[in-house]
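Take a look at the structure set out below.
The values are calculated or read from the model by the stated rules, or taken from the named source; none is laboratory data. From a predicted model like this one, the values you see are computed outputs, not experimental measurements. For neighbour counting, all protein chains shown are included, and Cβ atoms are generated from backbone atoms with ideal geometry for every residue, glycine included.
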Amino acid sequence: MRLWGRSLWGRPSGRVRSRSDLDTRRDLEFFTANIRNENTRRAYYRASAGFLAWCQDQGIERVEPVRPIHVAAYIELQGKEKSAPTVKQHLASIRMLFDWLVVGQVLLLNPAASVHGN
């Protein structure tokens, strides 16, 4: 599964990849079939793409090595730059993304599940 080689709106984004490139539709399905409200879809896309770009900056090129400490560090950084509701939305987006990857059997566990916001 390729996580966002190109976005739904044609802009390039993070290139974090998982071990399986078999179903490139799964990431697209996350933002279309799984999130019905267009505004929520766009906000969750931006939050997920931001997290994946941050992971790349930290040298994490795949989703498997992401651990709760990575998610917590990102959320803490966001808390210094953004409002509490925005940080909570980012965490909800990241949790939902990793839940989707667990359900799709790309990952065994959700690294964001144990992370708490403000």
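Some notes on this structure:
- Selection count, region 42-62, where residues are among the basic types (Lys, Arg) and modelled with pLDDT of 85 or more: 2
- For residue 97, the criteria (1) within 19 Å of residue 42 (Cα to Cα); (2) part of a loop (DSSP other than H, G, I, E, B); (3) not β-branched (Val, Ile, Thr) hold in every case but one, which is (2).
- Restricting attention to region 63-112, the residues being more than 19 Å from residue 35 (Cα to Cα) and in contact (Cβ under 8 Å) with a residue 40 or more places away in the chain number 12.
- Members of region 69-87 found to be hydrophobic (A, V, I, L, M, F, W, C) and either surrounded by 13 or more Cβ atoms within 10 Å (Cβ to Cβ) or over 16 Å from the mean Cα position of the chain (by Cα) (or both), listed by number: 71, 72, 73, 75, 84, 87
For (1) out of contact with any strand residue (DSSP E or B) (no Cβ under 9 Å at 6 or more places or on another chain); (2) crowded, with 19+ Cβ neighbours inside 10 Å; (3) at pLDDT below 90; (4) of a type in the set (A, V, I, L, M), each residue gets a yes or a no:
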| position | (1), (2), (3), (4) |
| --- | --- |
| 24 | no, no, yes, no |
| 27 | no, yes, yes, no |
| 32 | yes, no, yes, no |
| 39 | yes, no, yes, no |
| 67 | yes, no, no, no |
| 89 | yes, yes, no, no |
| 104 | yes, no, yes, no |
| 115 | yes, yes, no, yes |
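- Of residues in region 41-63 being among the small types (Gly, Ala, Ser) and in a helix (DSSP H, G or I), the one surrounded by the most Cβ atoms within 10 Å (Cβ to Cβ): 48
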